[in-house]
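**Q** Quick one: the structure is below, questions incoming.
The values are calculated or read from the model by the stated rules, or taken from the named source; none is laboratory data. This one's a predicted model, so the numbers in the text were calculated from it and none came from an experiment. Glycine also receives a Cβ, built like all others from the backbone with ideal geometry; neighbour counts cover every protein chain displayed. When the accessible area is computed, the model is the full protein with side chains, heavy atoms only, and any ligands, DNA or RNA have been set aside. Shrake-Rupley method; radii C 1.70, N 1.55, O 1.52, S 1.80 Å.
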Amino acid sequence: MPKTSRVNDDLPRARPSRVVVELVRPLIDNGRFPAKASLGEPVVVEADVFVDGHDHIDAGLKYRPVGGTWIEMPMSPLPNDRWEGRFIPDTLGLWEFEVSGWTSGMASWMHALAAKADDGQDIVDELAVGIPLVERLRGRAKGSDQDRLDDLLAWLRTGDLVSLRSADLSDLIWRNEERQPAAKQDGKATVRVERERARFSSWYEFFPRSSVDPDHTASNLRGALDRLDRIEAMGFDVVYLPPVHPIGVTHRKGPNNTTGDHIEGPGSPWAIGGAEGGHTSVDPQLGTVADVEALAEACRQRGMDLALDIAFQCSPDHPWVREHPQWFKHRPDGSIQYAENPPKKYQDIYPLDFESEDWAGLWRGLHDVFEFWIQRNVSVFRVDNPHTKSFAFWEWVIPKLLADHPETIFLAEAFTRPQAMQRLAKAGFSQSYTYFTWRQTSVELEEYFTELSDETLDLLRPNAWPNTPDILTEQLQHGGRAAFVSRAVLAATLSPSWGIYGPAYELAEHHAVREGSEEYLDSEKYQTRVWDLDKPESLAPLLTRLNVLRHELAPLQHLRTLKFCDVDNPQLLAYTKTDPMGDAAPVLIVVNLDPEHQQSGTVWLEWADLGLPKHALYDLEDHLGGASFQWHGGRNFVELSPWGLNAHIFTATVKGCPPVRPLIRSYAAASANPESATPTSATPKSALTNKAEKGPHV
């Protein structure tokens, strides 16, 4: 007698969905960390959604501020079972989203009906199959949807195929079709929405202790107030100051990083702490905490932000050395270990010990430093060498601060290994310094920015700096003015955020302390300087023009749409950007990377990728140099000279037509106001005509 089979106890309680949802993007470490997002830019969500067999499916995207009300919209099919949706967050803080997919019995039936009708087969049975499907749909419908479904039922019962073919049923299906069982993504997907400046910003760094007045050899925070109007006029929106705290006198560094107790010199601002206080105090030579507040308010009134440097390290004279000696590493003889990066020694700096037994007290103390300055209207921080501090600390402190102060922006000065830079970005840093400074050939730049605009786009926002007080590259040392021009154009147009160490870059300062070094001669890190910013050879007009264009040409404010063009000369780099909102004409940038020779070549453009007709005649306006050109088709000649501006920043107008927009998906604009938009189903609208459709486009 055959044995009776028993149902295994490990079977699912309910029938699982046949649909698979996987490879969701943005989803950082399966949801452990939030992805990056900002006000004013769509969050683009993609996922693989597919099913076994040949049934039709649909996919939906739900999103909300964490704890808020869900909004749902249809996703649009892309090639190879990839689906896409996008939404535009309108508040700061954490948002969450969810991708789901389900089989669509209605869409599958509509496809079968159309196929049989087009083949001349008898469709009486197929019409009968559709009646209970529509009746179930009507049972869940409300209001006018019921009336429309009544019409559909009447057409089915009378065999009115003409009316069926002309009906657009996608919205009815989307709103009313049963979605159980539905498949959902693994992991909770979140995005941290920051203000626009976290994504798009222009930074200007200067030392407030140096002077721009030939009659004075030093300045202070009150003198820095007088520089704000000029910085604002140049189009910079973040004013960044190196540490403003008291500077230790023990082992104080002298000019050009000479060692010894140079008590009479100003010392390095990164040797933080003295008898006057530590990280919550201000060097008396610069001013007071009230002066920092006044400077922050003056920046705010001009639409700018003041950024302070936060360097978590101490001079031997810092109050923490006496109050919390357990926060530092000690040698066997009991003395505190100063900083070293063998063979380099930094006798004027004590690093903090993140393996201290009092690590919790250390964490709280560092948190309070940020909180102190946030309470004094500082909302942007450039953090010095964060990769030398505990990742776990950043994963704790940044979300904690952002929960209370979501407007705060953190820039990581982390010139280190890619994995470490990415981990800091996951921990919450809004932006990161990059390797742009050393990427100089067309191959290097294209490879690196392709990675930044694709592989790490959702977690790491680049901030491109052609120079810093620590870095004067060999190219700037020997490339002359043309090198400064091309590097500024590249930084300002490749990356939505960029910055310069101001006076030195404006005046094309290029003298190194010695051959083979990237240190500036007479560096402001160790002494004060007097800068004559009114020199006729100043690059200020170029920097101003670049910042103006960054605000006028919306594509330059984004990284997602960056695409490089083929050029037959490796000394030329060409790339395009489009506006993800679809409101602005695309931009084409061409840069001569050779600071010594004129270079020419052919640029190939894929006009269709820019939403432009392929073989049209175009009027190109060069917004940098002011000239106009005519191009035809995708293959055109460019010539640039280092004794000129050495670059083009083009927008194109189809001859005889108004400026055109790049190609975008229709739901991108609709999702800006999802409550008023009519969802467009990703189910093929023309299934009854048996026409292939690849998603709604305009």
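**Q** Do any GluC sites (Glu not before Pro) in segment 194-292 lie in a DSSP loop with no more than 15 other beta carbon atoms within 10 Å, and if so, which?
**A** Answer in residue order: 264, 276.
**Q** Separation between the residue 175 and residue 62 pseudo-spin-labels, each 7 Å from Cα along Cα→Cβ, expressed in nm?
**A** Spacing of the two 7 Å Cα→Cβ label points: 1.9 nm.
**Q** Rg and Dmax of segment 115-241 over Cα atoms: what are they, in angstrom?
**A** 33.6, 97
**Q** Could you report the chain's accessible area per residue, 1.4 Å probe, as an integer in Å²?
**A** Each residue of the chain exposes 43 Å² on average to a 1.4 Å probe.
**Q** Tell me the net charge near residue 113. Cut-off is 12 Å between Cβ atoms, residue 113 excluded, with +1 for each Lys or Arg and -1 for each Asp or Glu.
**A** -3
**Q** May I pose another question? Percent of alpha carbon pairs in segment 225-349 separated by more than 21 Å?
**A** 48
**Q** Could you derive backbone 3J(HN,Hα) for segment 532-546 from the dihedral phi with the Karplus parameters 6.51, -1.76 and 1.60 (θ = phi - 60°), listing whole Hz in sequence and x where the residue is Gly or Pro?
**A** Working through the residues one at a time gives 9, 7, 9, 4, x, 7, 4, 8, 3, x, 5, 4, 4, 4, 4 Hz.
**Q** Another question about this same structure. R0 = 35 Å: FRET efficiency of residue 300 with residue 217, Cβ-based, nearest 0.05? Mind showing how you got there, number by number?
**A** Working: r = 30 Å, r/R0 = 0.86.
Given R0 = 35 Å and the Cβ-Cβ separation, E is 0.70.
**Q** Compute the length gained on full extension between residue 259 and residue 122: take 0.36 nm times their separation in residues and subtract their Cα-Cα distance, giving the result in nm to one decimal. Don't skip to the answer; put the middle values down first.
**A** Numbers: separation 137, 0.36 × 137 = 49.32 nm, distance 9.53 nm.
Full-extension gain reported as 39.8 nm.
**Q** Residues with beta-carbon under 15 Å from that of residue 277, excluding residue 277: net charge, scoring Lys, Arg +1 and Asp, Glu -1?
**A** That works out to -4.
**Q** Only bridges with both residues in the chain count here: give the DSSP antiparallel percent, nearest 5.
**A** Numbers: 78 of 110 bridges.
Beta bridges within the chain, antiparallel portion: roughly 70 percent.
**Q** Now a separate question. Starting from one equal scatterer on each C-alpha and no solvent at all, send me the Debye-based log10 I(q)/I(0) for segment 352-476 at q = 0.10, 0.16 Å⁻¹, two decimals.
**A** -0.36, -0.84
**Q** Which loop trypsin sites (Lys or Arg not before Pro) in segment 130-164, with loop taken from DSSP, have no more than 12 other Cβ atoms within 10 angstrom of their Cβ? List each step's numbers first, then the result.
**A** Working: sites: 136, 138, 140, 142, 148, 157; in loops: 142.
Sparse-neighbourhood loop trypsin sites (Lys or Arg not before Pro): 142.
**Q** While we're here: What does the charge add up to near residue 148, with Lys and Arg as +1, Asp and Glu as -1, over the other residues with Cβ less than 11 Å from its Cβ?
**A** Taking every other residue near residue 148 into account, the sum is -4.
**Q** Something else: Where in segment 204-222 does the label zone of residue 534 land, with the point 7 angstrom along Cα→C-beta and an amide N cut-off under 11 Å?
**A** Inside the label zone: 213-215.
**Q** Fully extended, how many nm does the chain gain between residue 275 and residue 405 (0.36 nm per residue separation, minus their Cα-Cα distance)? Before the final figure, lay out each step's value.
**A** On the way: separation 130, 0.36 × 130 = 46.80 nm, distance 3.12 nm.
Contour length minus the Cα-Cα distance gives 43.7 nm.
**Q** Hey, another quick one. Calculate the spin-label point distance for residue 32 paired with residue 419, positioning each point 7 Å from the Cα along the beta-carbon direction, and give it in nanometres.
**A** Placing both labels 7 Å along Cα→Cβ, they lie 1.2 nm apart.
**Q** Using a 1.4 Å probe on the protein heavy atoms, what percent of the accessible area of the chain belongs to carbon and sulfur?
**A** Working: 14850 of 30290 Å².
Taking all protein chains in place, the chain shows 49 percent carbon and sulfur surface.
**Q** Need one number for segment 122-172: average projected area of the convex hull over its C-alpha atoms, nm².
**A** With every direction weighted equally, the projected area is 3.4 nm².
**Q** Still on this structure: Kindly list the residues of segment 93-123 that lie in the label zone of residue 20, defined by a backbone N under 20 Å from the point 7 Å along the Cα-to-C-beta vector.
**A** 99-104
**Q** What stretch of the chain, leaving out the sites themselves, is the longest with no chymotrypsin sites (Phe, Trp or Tyr not before Pro) in a DSSP loop having at most 14 other Cβ atoms within 10 Å?
**A** On the way: sites that count: 70, 643.
The reported range is 71-642.
**Q** Calculated FRET efficiency, residue 474 and residue 55, Cβ-Cβ r, R0 60 Å, to nearest 0.05?
**A** 0.45
**Q** Along Cα→Cβ, 7 Å out, is where each label goes; now give me the distance between the ones at residue 336 and residue 548 in nm to one decimal.
**A** Using points 7 Å along Cα→Cβ, the separation is 5.1 nm.
**Q** For segment 470-539, run through the GluC sites (Glu not before Pro) and keep only the ones in DSSP coil with at most 15 other Cβ atoms within 10 Å of their Cβ.
**A** Here the sparse-neighbourhood loop sites are 515, 537.
**Q** If you don't mind, there's one more thing I want to ask. Counting each DSSP H run of 4 or more residues in the chain as -39500 (n - 2.57), what helix-only mean residue ellipticity at 222 nm follows after dividing by all residues, to the nearest 500 deg cm²/dmol?
**A** Value at 222 nm, helices only, nearest 500: -7500 deg cm²/dmol.
**Q** Additional query: Work the Kirkwood hydrodynamic radius out for segment 184-288: mean of 1/r over every pair of different alpha-carbon atoms, inverted, in Å. Let's see the in-between values first.
**A** Numbers: mean 1/r = 0.0605 Å⁻¹.
Kirkwood radius, segment 184-288: 16.5 Å.
**Q** How long, wide and thick is segment 1-97, going by the Cα atoms along their three principal axes, in whole angstroms, largest first?
**A** 71, 31, 25
**Q** How far, in nm, would the chain grow between residue 358 and residue 521 when pulled straight, counting 0.36 nm per residue and subtracting the alpha carbon separation?
**A** 54.6 nm
**Q** For the chain, give the magnitude of the charge dipole about the Cα centre (Cβ charges: +1 Lys/Arg, -1 Asp/Glu; no others), in debye to the nearest 20.
**A** That gives the chain a dipole magnitude of about 1300 debye.
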